[in-house]
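Working notes, beginning with the structure itself.
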Amino acid sequence: MRSSPRPSDSASPIAPLGVEAAEKAASDPSYKPTSKIFDEFALTDRVGIVTGGNAGIGLEIALAFCEAGARAVYCLDIASAPSEEWTACRDFVEKLGNGSRLEYVAADVRDQKAMWKAVEEIGDREQRVDMCVANAGVLRPPIPCLEVTTAQFQDVMGINVNGVLYTAQAAGRQMSRFGRPGSIITIGSISGSLTNRDHAWIPYNTSKSAVLQMTRSLACELGPKNIRVNSLSPGYIYTNMTKAFLDRTPGQLEIWSDLNPLKRIGRPNELRGVATWLASDASSFCTGSDILVSGGHHAW
């Protein structure tokens, strides 16, 4: 068999893999092959931070990281104490018996120095930070574009843009400090690359578009440090944030459900798999990308 060119071992965290493993088994009768694909998705002993991790998408991703074997996942959120939902997930993680921990830290993503300090303290405690999900975000009630005030615009940008940057900085500083490869995942939205029909969401749409470009820029700067940065852009997902809008807008759930080929909106737990892939070695050559999880909303 002919071997294909291969990068250095430092670029291949688990080896041999795939065709290479098959070739080794063919040439070495003593080699006992084992399945490696699930090892590539494992997050064993890694440490992560997830902002907006008190509920919804953030909590689902944090829980998935724990199930994948992470040593600890720190959920940062603005509430001074965790929700009952978060507490139930923490107890569930303890019952997994894999040594993983779900931790809660009260933090405001709009405060750059506080975010840097909070994640530095996590680094001090764990001596590593491997993955980060900058998930905290807000969607305010619709406002006609000609009526949006400075305060209303800056309110959304402060959380959805500044907060994402400060979170990525905080994690990237610790990844650099410990000289470890890392994965930073920003949570964008389909609203970053299309306009939501009949919704006056200028601040939100602008903020999510900024997140996508920020992600590409971070990926280019941090790539030489072996820190990957990708965005994850959900479509319409049924979360507490969107529920508030749907509850006051009769018929909107049916309208949203008709906007993609699957004819329904998504669930927060349907982002678990792609987030775990982005955090893991299985996506080791993926950076600067925007991964759409929208039920095919863009495909029409």
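Just so it is clear, none of the values below were taken in a lab; they were calculated from the coordinates. Model, not experiment: these values are computed from the prediction. With ideal geometry, Cβ positions are generated from the backbone for all residues, glycine too; neighbour counts draw on all protein chains shown.
For the range 30-69, a residue qualifies if it is closer than 21 Å to residue 120 by Cβ and free of Cβ contacts under 8 Å to residues at least 40 places away in the same chain, and exactly one does: 45.
Considering every residue within the range 239-257, establish whether at least one is within 25 Å of residue 166 (Cα to Cα), in contact with a helix residue (DSSP H, G or I) (Cβ under 9 Å, 6 or more places away or on another chain), free of Cβ contacts under 8 Å to residues at least 60 places away in the same chain and of a type in the set (Val, Ile, Thr). Break it down into steps so the answer makes sense when it comes.
Here is the first cut: in the range 239-257, the ones within 25 Å of residue 166 (Cα to Cα) are 239-242.
Cutting the leftovers down to in contact with a helix residue (DSSP H, G or I) (Cβ under 9 Å, 6 or more places away or on another chain) gives us 239-242.
Filter once more, so that each one left must be free of Cβ contacts under 8 Å to residues at least 60 places away in the same chain: none.
No: the range 239-257 contains no residue that is within 25 Å of residue 166 (Cα to Cα), in contact with a helix residue (DSSP H, G or I) (Cβ under 9 Å, 6 or more places away or on another chain), free of Cβ contacts under 8 Å to residues at least 60 places away in the same chain and of a type in the set (Val, Ile, Thr).
Do we have any residue at all in the range 70-77 that's surrounded by fewer than 23 Cβ atoms within 10 Å (Cβ to Cβ), over 22 Å from residue 38 (Cα atoms) and of a type outside the set (Ser, Thr, Tyr)? No: zero hits. Helices (runs of 4 or more DSSP H) fully within the range 217-300 that include at least 1 residues being out of contact with any Gly (no Cβ under 8 Å at 6 or more places or on another chain) and among the acidic types (Asp, Glu): 240-247, 252-257.
Among the residues of the range 82-102, not one is touching a Cys at 6+ places or on another chain (Cβ under 9 Å), within 15 Å of residue 53 (Cα to Cα) and among the small types (Gly, Ala, Ser).
Does any residue of the range 251-274 turn out to be of a type in the set (Ser, Thr, Tyr) and buried (at least 18 other Cβ atoms within 10 Å of the Cβ)? Taking every residue of the range 251-274 in turn, none turns out to be of a type in the set (Ser, Thr, Tyr) and buried (at least 18 other Cβ atoms within 10 Å of the Cβ). Among the residues examined, residue 143 qualifies as β-branched (Val, Ile, Thr) and touching a Pro at 6+ places or on another chain (Cβ under 8 Å).
With respect to the conditions (1) in a loop (DSSP other than H, G, I, E, B); (2) of a type in the set (A, V, I, L, M); (3) under 17 Å from the mean Cα position of the chain (by Cα), residue 194 falls short on a single one, namely (3).
Evaluated against (1) on the phi < 0 side of the Ramachandran plot; (2) surrounded by fewer than 23 Cβ atoms within 10 Å (Cβ to Cβ); (3) not aromatic (Phe, Trp, Tyr), residue 127 falls short on exactly one condition, (1).
Within the range 39-148, which strands (runs of 3 or more DSSP E) (wholly inside it) include 1 or more residues that are among the hydroxyl-bearing types (Ser, Thr, Tyr)?
Answer list for the range 39-148: 47-51, 72-77, 101-106.
Residue 141 passes every criterion in (1) loosely packed, with under 15 Cβ neighbours inside 10 Å; (2) in contact with a Phe, Trp or Tyr (Cβ under 9 Å, 6 or more places away or on another chain); (3) under 21 Å from residue 77 (Cα atoms) apart from (3). Determine whether the range 189-201 contains at least one residue that is small (Gly, Ala, Ser), surrounded by 23 or more Cβ atoms within 10 Å (Cβ to Cβ) and over 24 Å from residue 256 (Cα atoms). Within the range 189-201, none of the residues are small (Gly, Ala, Ser), surrounded by 23 or more Cβ atoms within 10 Å (Cβ to Cβ) and over 24 Å from residue 256 (Cα atoms).
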